[in-house]
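Remarks on the structure that follows.
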Amino acid sequence: MDFKDIKELIRVFDKSELNKLRIKEAEFEISMQRGFEGGVTTVSTTPMVQAVAPVQAISTSVASSSPASSEVKQEVSASGITINAPMVGTYYSSPSPDSPAFCGIGDIVRKGQTLCILEAMKIMNEVEAEYDCKIVDILVQNGDPVEYDMPIFVVEKV
């Protein structure tokens, strides 16, 4: 099962009225459960992965370690184009607390340049610019949780 299939499975489970779901396919296994307090994710040395977590955290339990830029979604709003979160996670504007931000309001960023980091289950996923643009507004604060498809930046193409 690939990452896109897992994301789709989570989306369907989130919209369903199911309370518990367990799928096993060859050596891959995933379990999801609503209302479970104190979510746990266990990864063994074998290809078997078991994830049990509350619905709010399920999306983050399957985050990939590759850059998330290929999944960045843009929308056109009245004030410009928005760059939306490609996953659920925690927004970080810089690689560490004492480092400068990747970008700020008014900055011109180039295609492929890192805009921010979204942390999901201790995995840091870089969100990169899909094209050259100017940052018009940053809609979230450092350390804020973001939802899938939530607008993060308002930009203008340059």
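Bear in mind these aren't lab numbers, they're just calculated from the coordinates by the rules spelled out. Just so you know, these numbers come straight off a predicted model, no measurement behind them. All Cβ positions, even for glycine, are placed from backbone atoms using ideal geometry, and neighbour counts span all protein chains on display.
Once the C-beta distance of GLU8 and ASP144 is scaled by a Förster radius of 41 Å, the resulting FRET efficiency is 0.95 to the nearest 0.05.
Could you give the length gained by full extension between LYS157 and ALA26, i.e. 0.36 nm per residue of separation minus their alpha carbon distance, to one decimal place?
Values: separation 131, 0.36 × 131 = 47.16 nm, distance 4.53 nm.
The span from LYS157 to ALA26 would gain 42.6 nm if fully extended.
For the range 113-158, the Kirkwood radius over C-alpha pairs fed into Stokes-Einstein at 20 °C and 1.002 mPa s yields D = 184 µm² per second.
Please identify every one of the trypsin sites (Lys or Arg not before Pro) in the range 101-158 that sits in a loop by DSSP and has no more than 15 other beta carbons within 10 Å of its own beta carbon. Sites meeting the loop and neighbour criteria: ARG110, LYS111, LYS122.
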